[in-house]
Amino acid sequence: MRSFTTSAVVGALALAGSASAASATSAAPTAAPTSNTTCAQSFYILVARGSGEAVVPPGSLKYPDYTGLAGAAALKVQSQIPGVVIGGVVYPALDGVTTTGNLNLTAYATSEANGTTAIADEITAYTKKCPGVKIALMGYSQGAQVVQDALCGGIGGDAKFSLGGTTTGFNAYAPISQDLVEQNVLAVALIADPSHIANTTYDHGNSTRNGVFSRTNTTACNPYVAKGLYGSWCQADDLFCDSGTSLNIHDYEPLTYEDQVAQFLVDRWNNYTTSASPSGTGSASGTASAPSGTSTTNAAGRVAGALGQPLLVGASVVLAAWLLN
Ligand SMILES: *[C@@H]1O[C@H](CO)[C@@H](O)[C@H](O)[C@H]1NC(C)=O
Ligand SMILES: *[C@@H]1O[C@H](CO)[C@@H](O)[C@H](O)[C@H]1NC(C)=O
Ligand SMILES: *[C@@H]1O[C@H](CO)[C@@H](O)[C@H](O)[C@H]1NC(C)=O
Ligand SMILES: *[C@@H]1O[C@H](CO)[C@@H](O)[C@H](O)[C@H]1NC(C)=O
Ligand SMILES: *[C@@H]1O[C@H](CO)[C@@H](O)[C@H](O)[C@H]1NC(C)=O
Ligand SMILES: *[C@@H]1O[C@H](CO)[C@@H](O)[C@H](O)[C@H]1NC(C)=O
Ligand SMILES: *[C@@H]1O[C@H](CO)[C@@H](O)[C@H](O)[C@H]1NC(C)=O
């Protein structure tokens, strides 16, 4: 199947010619709004889907449009915290797999840069429309890299691949302003991030290796890490976030870590409402329900063992049929 080695990447690039996906310094047009711009009464969860994930969930899969499978964790949060709204980042999420099975990095980088711009514009627009609503950012796979590039700035100077004979990185966008993030973003949850950095304080899962596009410049996002915003989940041997060998592990990862990711967001929210109203008035407003381990309504209809019926989602992402009542 597809391989994601350096030579495969370079090979794909050679085929792709000199198209520049990294020339991202020109003014970007205004991005489309997120898939749901309703002002949340509690938490707004904005999700960036992974490569090749369909906008509208195919078959029996259940997630909000544009969120991909990571949206399932968001639904779980919504079932526990009243007033949550879930939106998806509107961006191509191109898989970029060529007919030979290699990654077409031109397509991937173009899509990724589109998402990075989109998410920055969409957060700006949403916070203008819904001032005071706290935001959680979630991303899976390419979507995780999109979130990270938006928050930390493009991988930029950290050259990671050769494009048309020029060594370059993904994009050169500046990070979202620190004020915008610190005033509005309460949590950042990354799943199977290709720009994963191993052994950080916010890593979860059993990966011990860096991702294939591991980030080296974390200057802009270090303050958010220090404030506890971050969680990053990566499983050992994942093809992308752990530079491993398994695409299958990668494809299942939103399900593997769904409960942990949902719990993280619920904890972030509960900690926020607790600290925002130490007298307890915050919880009296009905924003939080039992946070720990109560996977109730949605989860009840979902069978962990129902991972039997493969579906083709996008060009190469084989996922499990999975029911959410
Ligand atoms: C946005 O989210 C709200 C709350 O879950 C829901 O009622 C509404 O139908 C959603 N709108 C769209 C366009 O998905
Ligand atoms: C980004 O992708 C969307 C489709 O998701 C497209 O409508 C938009 O034109 C793209 N933006 C740029 C700058 O290419
Ligand atoms: C790679 O993607 C670019 C941009 O989508 C496209 O123009 C090019 O034809 C693709 N190359 C291959 C080998 O598929
Ligand atoms: C690292 O990121 C910061 C913040 O975006 C930026 O100011 C700095 O120039 C970057 N450093 C390098 C070496 O690219
Ligand atoms: C990593 O964690 C996964 C999920 O918990 C587990 O199935 C797998 O065996 C672990 N792998 C290693 C190498 O520990
Ligand atoms: C992360 O820590 C593990 C265990 O200490 C170690 O084997 C591994 O090499 C480390 N990874 C990196 C990228 O430093
Ligand atoms: C919530 O607050 C507790 C107590 O301060 C802390 O230990 C925990 O790490 C916080 N959880 C999250 C997800 O921020």
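The values are calculated or read from the model by the stated rules, or taken from the named source; none is laboratory data. The shown structure was predicted, so the numbers you read here are calculated from the model rather than taken from an experiment. Here the Cβ positions follow ideal geometry from the backbone for every residue, glycine too, while neighbour counts run over all protein chains shown. Surface accessibility is based on the protein's heavy atoms, side chains included, excluding ligands, DNA and RNA. Shrake-Rupley method; radii C 1.70, N 1.55, O 1.52, S 1.80 Å.
Return the distance in nm (one decimal) between the two label points of a simple spin-label model at VAL56 and LYS129, each offset 7 Å from Cα along Cα→Cβ.
2.1
Name the residues whose placed amide hydrogens come within less than 5 Å of the amide hydrogen of ASN36, ignoring near sequence neighbours (fewer than 5 apart) on the same chain.
GLY88
In Å², what does the accessible area per residue of the range 200-263 work out to with a 1.4 Å probe? Intermediate values should be presented prior to the final figure.
Details: 2520 Å² over 64 residues.
Heavy-atom SASA per residue in the range 200-263 reads 39 Å².
For labels at THR37 and GLN178 in the simple 7 Å Cα→Cβ model, what's the distance in nm?
Result for the modelled spin labels: 3.0 nm.
Once amide H atoms are built 1.01 Å from N in the peptide plane, which residues 5 or more positions from GLY52, or in another chain, come under 5 Å H to H?
For GLY52, whose amide H was placed from the backbone, the distant partners under 5 Å are LEU94, ASP95.
If you count, for each residue, the other Cβ atoms within 10 Å and average over each peptide, how do 189-195, 120-126, 261-267, 225-231 line up from highest to lowest?
The densest-packed peptide leads the list: 189-195, 261-267, 120-126, 225-231.
Quickly work out the THR208-to-ASN222 label distance, labels modelled 7 Å from Cα along the C-beta direction, and quote it in nm with one decimal.
Simple spin-label model gives 2.7 nm for this pair.
So how much slack lies between SER275 and ALA198, counting 0.36 nm per residue of separation and subtracting their Cα-Cα distance, in nm? Mind showing how you got there, number by number?
Numbers: separation 77, 0.36 × 77 = 27.72 nm, distance 3.05 nm.
Contour length minus Cα-Cα distance gives 24.7 nm.
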